[in-house]
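Okay, so here's the structure we're looking at.
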Amino acid sequence: MEINALGLSKKESEKSIKKLNILLSNFQTYYQNLRGLHWNIRGKRFFDLHVKFEELYNDSQLKIDLIAERVLTLGGIPIHTFTEYLENNSLKIGKNISKDTEAIQLIIDSLTELLKIERVILNETSENNDEGTNAMMSDFIKEQEKTIWMMHAWMEE
């Protein structure tokens, strides 16, 4: 078995790089959706949601950087064009969403899809002893599960 500088299987790391690039693409879509929600939200909850969406897109921007840096750490190249993002995206693209409940539902749906991708990566990197990627996925999952719970609580009114 050929090993990389981190002591991980090169073959398995290449698989992780591909999956991380898919996650990166989906996070870029999520980020852009959040920017659109931040800009376009209307109604009586504008002030609260405008701030919340900014908080979420700032967090996703940090995660995007972490994912890209992990790809580089594993010896890959993070994809970085809008064409590649769209080719690898599975999230709904939110366009002209200004209603609060529609915006929150888009976030819930997006995070649910991101969790699916992250859990696949988590399982595979666990099997391959890739603790760096595994720990990152675990952290993302924990935060996103809490955000989904909060968004569902908000929707209950």
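Couple of notes before you dig in:
- Residue match in segment 26-35 (condition: part of a helix (DSSP H, G or I), under 17 Å from residue 121 (Cβ atoms), among the aromatic types (Phe, Trp, Tyr) and in contact (Cβ under 8 Å) with a residue 12 or more places away in the chain): yes
- Among residues of segment 120-144, those that are surrounded by 14 or more Cβ atoms within 10 Å (Cβ to Cβ) and out of contact with any Leu (no Cβ under 8 Å at 6 or more places or on another chain), counted: 5
- Some residue of segment 71-78 being in a helix (DSSP H, G or I) and either within 29 Å of residue 151 (Cα to Cα) or in contact (Cβ under 8 Å) with a residue 24 or more places away in the chain (or both): yes
- Within segment 108-157, the set of residues being farther than 25 Å from residue 48 by Cα and outside any helix (DSSP H, G or I) comprises 128, 129, 130.
- Flag for residue 93 being among the aliphatic types (A, V, I, L, M), in contact with a helix residue (DSSP H, G or I) (Cβ under 8 Å, 6 or more places away or on another chain) and not in a helix (DSSP H, G or I): yes
- Qualifying residue in segment 89-110 (condition: among the charged types (D, E, K, R), buried (at least 18 other Cβ atoms within 10 Å of the Cβ), modelled with pLDDT of 95 or more and closer than 19 Å to residue 136 by Cα): no
- Residue 19, sole failed condition from (1) farther than 18 Å from residue 122 by Cβ; (2) touching a helix residue (DSSP H, G or I) at 6+ places or on another chain (Cβ under 6 Å); (3) not hydrophobic (A, V, I, L, M, F, W, C): (1)
The values are calculated or read from the model by the stated rules, or taken from the named source; none is laboratory data. None of the values given here were measured: they were computed from a predicted structure. Please note: Cβ atoms are built from the backbone with ideal geometry, for glycine as well, and neighbour counts cover all protein chains shown.
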